[in-house]
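**Q** Would you mind keeping the following structure in view while I ask a few things?
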Amino acid sequence: INSRLSHFVIGRTQGAGALGIFTVANDVAALASNEITMPINRAVLPGLSRMAEVENGLSTGLLKVISAVMLIALPASFGLMAVAEPLVLTLLGPKWIEAVPAVQILALAGALQSLTANNQSAYLASGRSHVPAISHLVLACVLIPLLVFLHDWGVAGIAWAQLGATGAAACVSVALMRHYLGVQLGTFFK
């Protein structure tokens, strides 16, 4: 639901052309965040599992991973936002210029998603595999009404809905980190 609902709504309400623009924008925006965080997410699980055996080891290890990811993902996402227009024009051509606002919005959503992308590994390492489902449920529950209200704004409206839902899920995910992993908010933002 979370990964394809926006595609379904835009395809049903605005047609194949808008769906193509949104899909391309989503794929381009994902270059700055998903292509960085997902390989790291797969690699950190064994290390976090070992750190879970030490008191405060899991929260300390997760914060180090988040810091390293954000050191790369934030500049990449903001950089992509800044160069979205020339990048789209160069890679895709002038026919895809409508994708630029969506790329910019979705790049920001990707930065927010990168903030908590590695939490799932920490929950798996701590034996709390059910916790990521809470964040995914929040994302779906926020995304659905936002898509209803914003789909008339076109591709950019769907991108804004995705950003809003991702922001809500990131807030919940940070709160869950505090509750389940003992990560203090001040330490997290530092």
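The values are calculated or read from the model by the stated rules, or taken from the named source; none is laboratory data. The structure displayed is predicted, hence computed values, not measured ones. In this analysis, Cβ positions are derived from the backbone assuming ideal geometry, glycine residues included, and neighbour counts consider all displayed protein chains. What goes into the accessible areas is simple: the full protein's heavy atoms, side chains included, and nothing from ligands, DNA or RNA. Shrake-Rupley method; radii C 1.70, N 1.55, O 1.52, S 1.80 Å.
**Q** Give, in whole angstrom and from largest to smallest, the semi-axes √(5λ) of the equivalent ellipsoid of the chain, with λ running over the eigenvalues of the Cα gyration tensor. Mind dumping the intermediate values first?
**A** On the way: eigenvalues 203, 67, 31 Å².
For the chain, the semi-axes come out at 32, 18, 12 Å.
**Q** With r defined as the distance between the Cβ atoms of D152 and F189 and R0 fixed at 35 Å, what FRET efficiency is calculated, to the nearest 0.05? Could the numbers behind the result be given before it?
**A** On the way: r = 36 Å, r/R0 = 1.02.
Working from the Cβ atoms, E equals 0.45.
**Q** Name the GluC sites (Glu not before Pro) in the range 1-92 that are in a loop by DSSP and that have at most 14 other C-beta atoms within 10 Å, would you? Each step should come with its number before you reach the end.
**A** Values: sites: E35, E53, E55; in loops: E53, E55.
Those satisfying the criteria are E53, E55.
**Q** Just from its helices, what would the mean residue ellipticity at 222 nm be for the chain, if runs of 4 or more DSSP H residues each count -39500 (n - 2.57) and the sum is divided by every residue, rounded to the nearest 500 deg cm²/dmol? Working shown, then result.
**A** On the way: 8 runs with 152 residues, N = 190.
Counting only the DSSP helices, I get -27500 deg cm²/dmol.
**Q** On the first, second and third principal axes, largest extent first, how far apart are the outermost C-alpha atoms of the range 65-165 in Å?
**A** 49, 34, 16
**Q** Divide the volume of the convex hull of the Cα atoms of the range 123-174 by its number of residues and quote the answer in cubic angstrom per residue. Show your work: numbers first, answer last.
**A** Working: hull volume 3.1 nm³, N = 52.
Cα convex hull per residue, to the nearest whole number: 59 Å³.
**Q** Which of the DSSP-defined H helices in the chain satisfy a minimum axial length of 27 Å, computed from C-alpha atoms, and a minimum mean Kyte-Doolittle hydropathy of 1.6?
**A** Correct list, ordered by number: 57-82, 131-150.
**Q** Give the relative contact order (percent, whole number) for the range 140-190; include only Cα pairs under 8 Å separated by 6+ residues. Kindly include the intermediate steps, with their values, before the conclusion.
**A** Numbers: 24 pairs, mean separation 14.2, N = 51.
Answer for the range 140-190 is 28 percent.
**Q** Below 8 Å between Cα atoms, with a sequence gap of 6+, how large is the relative contact order for the range 46-151 in percent? Provide the component values of the computation, followed by the final result.
**A** Values: 68 pairs, mean separation 32.8, N = 106.
Across the range 46-151, relative contact order equals 31 percent.
**Q** Need one value: the accessible area of D152 in square angstrom, 1.4 angstrom probe, rounded to the nearest 10.
**A** Approximately 120 Å² of D152 is accessible to the 1.4 Å probe.
**Q** With θ set to phi - 60°, apply the Karplus curve 6.51 cos²θ - 1.76 cosθ + 1.60 along the range 178-190 and write out the HN-Hα couplings as whole Hz, x wherever there is a Gly or Pro.
**A** Each residue of the range 178-190 in turn: 5, 6, 8, 10, x, 7, 6, 4, x, 5, 4, 6, 5 Hz.
**Q** Further, regarding this structure: Could you tell me the relative contact order of the chain? Use alpha-carbon pairs under 8 Å, at least six residues apart, and round to a whole percent.
**A** Numbers: 235 pairs, mean separation 54.9, N = 190.
This gives 29 percent for the chain.
**Q** Same structure again: If amide H atoms are built 1.01 Å from N in the plane of the peptide, which residues on other chains or at least 5 residues away come under 5 Å of the amide H of V183?
**A** So V183 has HN proximity to R178.
**Q** What residues of the range 123-149 lie in the reach of a label at L45, counting those whose backbone N is under 15 Å from a point 7 Å from the Cα along Cα→Cβ?
**A** Only 123-133 pass the distance filter.
**Q** Using the alpha-carbon centroid of each, what span in Å lies between the range 70-141 and the range 11-26?
**A** The two parts, judged by their Cα centres, are 18 Å apart.
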